[in-house]
Every structure is written in structure tokens, then in C-alpha cells.
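Take a look at the structure set out below.
The values are calculated or read from the model by the stated rules, or taken from the named source; none is laboratory data. Since we're looking at a predicted model, the values are computed, not measured. Reconstructed Cβ throughout: ideal geometry from the backbone, glycine too, with neighbour counts over all protein chains shown.
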Amino acid sequence: MAIGRKTGGRQKGTPNRATTARQVEIAASGLTPLEYLLGIMRDEELPVELRFEAAKAAAPYVHPKLAAIEHSGPDGGPIETREVSDTDRAKAMAFLATKVRRLATAHQ
């Protein structure tokens, strides 16, 4: 047995027989469960409540769920903020404007 790395066997990501058989069966039927739900959702002759339930059931397969992100400062502490005066803001903008002008004239 090799230590630290895989040798032999099926390549990573290769489906097994059961998965392959299920995919072939679904393809042969011509309609996946997601396609069925989307068909119900789009059928304007069905009640709105039924179409809404089909849309809710299909949504996780069409739109990924967004992960929650916790924002924190250094070492998990609070986020540090500081006040910036209008004068400091004006100085920064003037500095950037000068830099942009210099870059623009250098590239002409």
C-alpha cells in the first residue's frame, strides 16, 4: 500500500455502476424531476398555489443557497472604524486626481 497517495482503483469523480444506471434510466425516461417541477411552475392553467410549491421545490437546484458570512475585526474582535474628516477626504481625492493626470499624460 502506498503511503500518502492513492494508487490504482477508480479515478476520482468517476461514477459507480448504480449512478451510471440511474443516469441512463433518467435520460431514457425523457423527463427529470427538475424538468417536471419546472413544467408545473410554468403551466399557467394550474392553480397559483401549486405553481408556487413547484417553484419552491425546484429553487435549490437552480439557484445556489448563499452562505452566511460573519464579519469581524482582527482575532475575531469587533470591526474597528475611524472617522475621516472632510479635509482628509479632500486631500485624498486631490492626491488621486493628480496621480490619474500624471498617468494619463504618461500614456499619451
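Tabulated values for the structure
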read-out: Filtered residues of region 23-49 (kept if within 28 Å of the chain's Cα centre (by Cα) and of a type outside the set (A, V, I, L, M)); value: 23, 32, 33, 35, 36, 39, 42
read-out: Among the candidates 34, 50, residue that is modelled with pLDDT of 95 or more and aliphatic (A, V, I, L, M); value: 50
read-out: Residues being within 25 Å of the chain's Cα centre (by Cα) and of a type outside the set (D, E, K, R) - total across region 1-22; value: 3
read-out: Count of residues meeting criterion [among the β-branched types (Val, Ile, Thr), within 23 Å of the chain's Cα centre (by Cα) and surrounded by 10 or more Cβ atoms within 10 Å (Cβ to Cβ)] in region 50-108; value: 1
